Amino acid sequence: MATGRYCREDILDGAIKCKHCGSQLDGSGSPFSQSPPAGAMIQPGTSPQSADLMVLLSPCCITGLAQILLGQVGKGLMYFALAILCAIATAGLGNIFVCIVAAIDGYKIAEKLNRGQAVGAWEFF
Ligand SMILES: [Zn+2]
């Protein structure tokens with residue numbers, strides 16, 4: 001008879017998860033310490049992270065570049081596509097707004113990484 005990692009209640013043999021406390025019984029760790037899948041988070045120290053540099057790298061022509069350099073590739077491409085769509089839809093005026101948002105966003109994300117904080121691949125500001 002097995003027992004739960006936290007509750008010490010008896011559990012039937014062959015069970016993979018305790019019905020009392022939810023702990024895993026196959027030795028893969030507790031439900032409280034499971035880390036997100038690899039690639040979901042961007043760890044500090046993997047990309048150029050100068051916050052000042054990020055703002056300089058986000059002029060209107062390459063909106064999203066800061067995000068791509070920070071490791072948030074999907075988000076950077078979204079900003080890039082958004083900037084193009086806005087430019088077409090508003091004859092260039094909306095592009096300025098997207099550019100400013102992307103610059104501030106890139107600056108904030110870079111600041112977090114500089115503080116040693118991990119950020120999500122789609123984390124904003
Ligand atoms: Zn248990």
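The values are calculated or read from the model by the stated rules, or taken from the named source; none is laboratory data. Keep in mind the model is a prediction, meaning the values are calculated, not measured. Heads up, the Cβs are rebuilt from the backbone with ideal geometry, glycines too, and the neighbour counts pull from every protein chain shown.
Check whether at least one residue in the range 56-76 is in contact with a Leu (Cβ under 7 Å, 6 or more places away or on another chain), at pLDDT below 85 and either in a loop (DSSP other than H, G, I, E, B) or under 30 Å from Gly4 (Cα atoms) (or both), and report yes or no. Within the range 56-76 (the criterion being in contact with a Leu (Cβ under 7 Å, 6 or more places away or on another chain), at pLDDT below 85 and either in a loop (DSSP other than H, G, I, E, B) or under 30 Å from Gly4 (Cα atoms) (or both)), the answer is yes, since at least one residue qualifies.
On the given criteria, is Gly45 assigned to a helix (DSSP H, G or I), closer than 22 Å to Phe124 by Cβ and at pLDDT 65 or above? Answer is no for this residue.
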